[in-house]
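Following: one structure in structure tokens, then a few remarks.
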Amino acid sequence: MVLEQETVGNEFAGEKKMEAESATDIVQTKPKKKNGKKLLLCAVGMVIVFILIAVGALVFTVDIFGFRNVGYLRNTEWGMTMAEVESLEETEPLTEGVETDSDKLYYLVSDIVGLEGKESTVLYKFTSDSLVGATVSLTGESINSESFEEALVKTYEELYGDAVSTGYSYEWTAKESTIKIIFVTEEWVVIVYEALA
């Protein structure tokens with residue numbers, strides 16, 4: 001009988017010990033939840049760092065490999081022939097009221113970046129049948145405002161970065177071109193594209 005009591009007592013003590021170990025496990029699992037939150041925050045932080053690195057790499061790639069705007073006008077490229085430029089334009093070149101010259105083409109357009117909806121004259125310049133420059137000219141009262149100038153310059157800064165300003169003109173150097181916006185008078189603005197030498 002004494003042996004029986006000892007066995008029962010040992011079993012009872014074993015159960016108490018197991019309950020105590022379970023209670024210890026429960027107490028120990030609470031800090032694991034805090035560790036889980038820390039791990040989640042760490043994972044989120046790593047994802048943010050990864051995104052920042054990816055964006056930085058994209059910007060680097062765009063600058064190095066020239067995927068950014070290179071400074072061409074209306075889908076042209078420097079070195080194109082007159083015939084190639086004419087094939088890109090949807091209308092016939094202007095012949096009345098402009099200099100008719102073998103190294104120039106004039107077009108009337110209304111889709112120049114920053115001048116959308118405003119009728120502008122585009123002059124393409126060629127040397128030895130090779131496109132070397134283009135000039136956009138816009139006149140009218142619609143451009144006689146500070147807000148127009150600010151909006152136009154902002155549009156070009158989004159394309160080419162910060163401008164170098166001389167007070168009446170703004171200049172950018174792109175990968176293949178220099179671009180200048182010149183406010184000639186209050187009612188006349190010119191945008192000049194030139195191939196980099």
How large is ³J(HN,Hα), in whole Hz, for each residue of the stretch 142-148 in order, when computed from phi with the Karplus curve 6.51 cos²θ - 1.76 cosθ + 1.60 and θ = phi - 60°, using x for Gly and Pro? 5, 9, 7, 7, 5, 5, 5
Calculate the spin-label point distance for residue 41 paired with residue 142, positioning each point 7 Å from the Cα along the beta-carbon direction, and give it in nanometres. 5.6 nm
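Assuming 0.36 nm per residue, please report the length gained on full extension of the stretch residue 169 to residue 154 beyond their Cα-Cα distance. All intermediate terms of the calculation are to be shown ahead of the outcome.
Details: separation 15, 0.36 × 15 = 5.40 nm, distance 1.32 nm.
Extra length from residue 169 to residue 154 when fully extended: 4.1 nm.
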At 37 °C and 0.692 mPa s, what whole-number value in µm²/s does Stokes-Einstein give for the translational diffusion of the stretch 64-156, with Rh from the Kirkwood sum over Cα pairs? 225 µm²/s
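For residue 89 and residue 188 in one chain, what is 0.36 nm times their gap in residues minus the Cα-Cα distance, to one decimal in nm? Kindly include the intermediate steps, with their values, before the conclusion.
Values: separation 99, 0.36 × 99 = 35.64 nm, distance 2.39 nm.
Between residue 89 and residue 188, full extension yields 33.3 nm more.
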Please give the per residue volume of the convex hull enclosing the alpha carbon atoms of the stretch 113-197, rounded to a whole number of Å³. 98 Å³
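Each value in this text was obtained by applying a stated rule to the coordinates, not by laboratory testing. Model, not experiment: these values are computed from the prediction. Because the Cβ atoms are built from the backbone with ideal geometry, glycine has one as well, and the counts that use them run over all protein chains shown.
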